[in-house]
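Everything below concerns the one structure shown next.
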Amino acid sequence: MDTEKELYTVSIYTENNVGLLNRISAIFQRRKINIESIASSASEIHGVFRWTIVVVVTEEQIKKIIGQIEKQVEVIKAYYHRDEDIIYQESCLFKIKSDLLFDEPQIQNIIKEGNVNIVTVNKVFFVLEKSGRRHEINELYNELSPFGIMQFVRSGRIAVTKQEMKISEMLVAFNN
Amino acid sequence: MEDTQAVAKKEQPTKKSVRITGSEAVVKCLLEEGVDIIYGYPGGAIMPVYDELYKYQTQLHHVLTRHEQGATHAAQGYARISGKVGVAMATSGPGATNLITGIADAQIDSTPLVCITGQVGSHLLGSDAFQETDIIGISTPVTKWNHQVTKASEIPEVIAKAFYIAKSGRPGPVLIDITKNAQFEEFDFSYEKCTSIRSYKPVPEVQTSKVQEAADIINAAKKPLIVWGQGVILGEAEAELKAVMEKAGIPSAWTILGASAIPTSHPLNVGMVGMHGNYAPNKLTNECDVLIAIGMRFDDRVTGNLETYAKQAKVIHFEIDPAEVDKNVKTDVAVLGDAKTSLSALLPLLNENSHDSWLNEFKKLYQVEFEQVIKNDLNPTKEGLTMGEVLKKINEESKGQAAIVSDVGQHQMIACRYAEFNQTKSNITSGGLGTMGFALPAAIGAKMAAPERDVVAIIGDGGYQMTIQELGTIFQTRVPVKIVVLNNDFLGMVRQWQQLFFDKRYASTELINPDFVQIAKGYHIEAKRVSKREELDEAIKEMMASESAYFLEVCVEKEDNVFPMIPTGASVSDIRLS
């Protein structure tokens, strides 16, 4: 039961220090686990960083990895979640030739129906942005690719949990 | 009158903070942390600190090793025998990379170390400057914490944190990399020890309910077995462990790093577990009904095949590091916390008990091991000298009071199996990393930290030559360590495996050795070689009686094997006696 690989989203709250990315990614690298995506940003707490890492591993592996991550001096807390425990999104950008916007009316329909934002338009190119689940972004990619995509980029997953995480309380408790 | 008042007023703030350079601050911080000896090697990027060490030499003794690896191992020996933080120092680039083996060793064996490296000036970082290396990047996976300092003003806080992190909780190595400009800069120095870090909880609180659960299981056990590890020594819980063992009457075995926490002669001490451990505790691991692991981490060299390890037993794990719980062996009850606190809480909940017939099973299996292995190791009838009889003589001469520092290989297993220990912190060896070359420099550090103790290094002819240059450190410092090289002209443990598993194809394991006695004498160290049984007694007496450093080479049987042995991947039940 524990040997089946699944997709897990890892949330890590840390101090904001140079080198911590190295320290955390080394924990995965040492076990030859590929990081599917990684995102880091500020968190809801001033001065505390939040990492969102997606990996495909067994539950037994992810439990041990969380232990190793939490052991790091500058890590406040780490969690792992299944998709049903979180609200998650990815974001993407498409750069497309401007001519197509006028020559191919189909593109305008795609933009309207797919909740896609136009970030910028100039004579040469226009840029589309969409946030959503991976499959929605893939669909959009498939729809646009026949017209020719100049550039495409997709961000790593970001996620918030349905359950409360109580990091602020934890920090207060640590200080006492 | 006015003048003196003015001076007094001026002096008040300087008591709190004084304007000094970063390099002087480094030395002052070390003094604030109670450091008396550091091990290191100078070079370009750390020269300002060395200049301060020169000025402070009466307060802080710097030992010049002959290689930076020696500095880390010496600091490890210092830490392991004293329980204090060992300190090593090196320059940037190759100086820093040479520390890595010792740091990795300290990480896996939980040894508190603070390593300080010089670094090129911060304006040169990332420019491939002379002797620049990314030592923070390189050391990250093998340090408990590391940090680069680029401004003098950061030095006190970072060093205070370094000592706190190295020593607290499960100890480990910390590396501080200080750029040269930060060493030169002046700033207002004041020092405050670090006592907490908000993201770091070194010692989990002991949960009373878990202790009760553990006590209930132990009280109901018919065939309980304790396996203790270094956590008992690091947590200074030797007396608590002894009390628990004795009250509940539990046969107790130890991992290689747990050796010496309880005297060898204690009636409930049933020996070492693991690949070359004793027959009884390995075999009976698979017959006990409750396995009580205390401050140990179920290393693969202890467990053998996990699929067949103690499956019949309830497992209780007393452990300070939550990441170790269920890492290798699934526990029924995990008691988090430091060993001293949790064992103190456990003791009053235990029933007074004895398990005589269970203990008898250990005695019976000891007899089997004695007949087939121990007898021939300690009282050999064949011509060639055995490593075991050398240890036996050392035991006799030291009355079990010596600290034994062993290297890695056959001699290490023999030393740990046969050394008699009467006091704790007496077995200093490289357990987790298995670093050949560890013992000679580690013995230097151990002897300096505990000058009142006899420190005997037991080394093979292979490992000895990996850090042999530290004889220079011994000569220069006159540190009176005893060095015993058990010479079989082979990399003995690898040769043993080649014999057993590779049809005796001795690929690159035979050593054509130099004249070790001449080399020692070249460093003006008293030296002797023995190869006959009738010379051994006298030689060891002479060595132990010597007031100065002493080198003894014992030429032992070339192709002896260490048994018992659990072959890699086999079950602890399948331990072999031959």
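The values are calculated or read from the model by the stated rules, or taken from the named source; none is laboratory data. Just so it is clear, the model here is predicted, and its values are computed rather than measured. No Cβ is skipped: glycine too gets one built from the backbone with ideal geometry, and neighbour counts run over all protein chains shown.
Numbers at a glance
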read-out: Qualifying positions in the range A:117-176 - among the polar types (S, T, N, Q), away from every other protein chain (no Cβ under 14 Å) and assigned to a loop (DSSP other than H, G, I, E, B); value: A:ASN122, A:SER155, A:GLN163
read-out: Evaluation of A:ARG23 against (1) loosely packed, with under 15 Cβ neighbours inside 10 Å; (2) basic (Lys, Arg); (3) within 13 Å of chain B (Cβ to nearest Cβ) (one fails), failing number; value: (1)
read-out: Out of B:THR65, B:THR58, sole residue that is in contact (Cβ under 8 Å) with a residue 60 or more places away in the chain and among the polar types (S, T, N, Q); value: B:THR65
read-out: Matching residues in the range B:313-358 - criterion: being away from every other protein chain (no Cβ under 14 Å) and in a strand (DSSP E or B); value: B:LYS314, B:VAL315, B:ILE316, B:PHE318, B:VAL333, B:VAL335
read-out: Restricting the range B:401-444 to residues that are part of a strand (DSSP E or B) and touching a Leu at 6+ places or on another chain (Cβ under 9 Å), the residue that is surrounded by the most Cβ atoms within 10 Å (Cβ to Cβ); value: B:VAL405
read-out: Failed condition for A:PHE94, given (1) outside any helix (DSSP H, G or I); (2) of a type outside the set (D, E, K, R); (3) within 14 Å of chain B (Cβ to nearest Cβ); value: (3)
read-out: Tally of residues being crowded, with 16+ Cβ neighbours inside 10 Å and either within 14 Å of another protein chain (Cβ to nearest Cβ) or of a type in the set (Phe, Trp, Tyr) (or both) across the range A:34-45; value: 1
read-out: The range B:122-170: number of residues that are within 20 Å of B:TYR41 (Cβ to Cβ), more than 14 Å from every other protein chain (Cβ to nearest Cβ) and not hydroxyl-bearing (Ser, Thr, Tyr); value: 5
read-out: Selection count where residues are more than 14 Å from every other protein chain (Cβ to nearest Cβ), small (Gly, Ala, Ser) and either farther than 19 Å from B:GLY43 by Cα or surrounded by fewer than 22 Cβ atoms within 10 Å (Cβ to Cβ) (or both), scope the range B:106-121; value: 2
read-out: Pick from the range B:188-219, criterion of a type in the set (S, T, N, Q) and in contact (Cβ under 8 Å) with a residue 60 or more places away in the chain, ranking: farthest from B:GLU24 (Cα to Cα); value: B:ASN219
read-out: 3 or more residues crowded, with 19+ Cβ neighbours inside 10 Å: qualifying helices (runs of 4 or more DSSP H) within the range B:479-575; value: B:492-501, B:533-545
read-out: Hits in the range B:314-335 - residues which are hydrophobic (A, V, I, L, M, F, W, C), in contact with an Asp or Glu (Cβ under 6 Å, 6 or more places away or on another chain) and more than 17 Å from A:LYS63 (Cα to Cα); value: B:VAL315, B:ILE320, B:VAL333
read-out: Residue satisfying all of: in the range A:1-10; surrounded by fewer than 22 Cβ atoms within 10 Å (Cβ to Cβ) and within 17 Å of the chain's Cα centre (by Cα); farthest from the other protein chains (Cβ to nearest Cβ) among these; value: A:LEU7
read-out: Restricting the range A:46-86 to residues that are over 19 Å from the mean Cα position of the chain (by Cα), surrounded by fewer than 17 Cβ atoms within 10 Å (Cβ to Cβ) and over 15 Å from A:LYS5 (Cβ atoms), the residue that is farthest from the other protein chains (Cβ to nearest Cβ); value: A:HIS46
read-out: Sole residue being part of a loop (DSSP other than H, G, I, E, B) and either at pLDDT 95 or above or not aliphatic (A, V, I, L, M) (or both), chosen from B:THR101, B:THR58; value: B:THR58
read-out: Hits in the range A:8-43 - residues which are hydrophobic (A, V, I, L, M, F, W, C), within 20 Å of A:GLU60 (Cα to Cα) and free of Cβ contacts under 8 Å to residues at least 12 places away in the same chain; value: A:ALA26
read-out: So B:GLU192, is it within 12 Å of chain A (Cβ to nearest Cβ), surrounded by fewer than 16 Cβ atoms within 10 Å (Cβ to Cβ) and either outside any loop (DSSP other than H, G, I, E, B) or not polar (S, T, N, Q) (or both); value: no
read-out: Boolean, B:GLY102 is away from chain A (no Cβ under 14 Å), of a type outside the set (Phe, Trp, Tyr), crowded, with 22+ Cβ neighbours inside 10 Å and under 29 Å from B:SER430 (Cα atoms); value: yes
read-out: Filter pass, B:ALA323 being touching a residue at least 60 places away in the same chain (Cβ under 8 Å), within 22 Å of B:LEU336 (Cβ to Cβ) and not hydroxyl-bearing (Ser, Thr, Tyr); value: no
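A quick yes/no check of all residues on (1) in the same structural domain as B:GLY277 (by TED's automatic domain parsing); (2) under 15 Å from B:ALA339 (Cα atoms); (3) not aliphatic (A, V, I, L, M):
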residue: B:ALA215; (1), (2), (3): yes, yes, no
residue: B:ALA220; (1), (2), (3): yes, no, no
residue: B:TRP228; (1), (2), (3): yes, yes, yes
residue: B:GLY235; (1), (2), (3): yes, yes, yes
residue: B:ALA239; (1), (2), (3): yes, yes, no
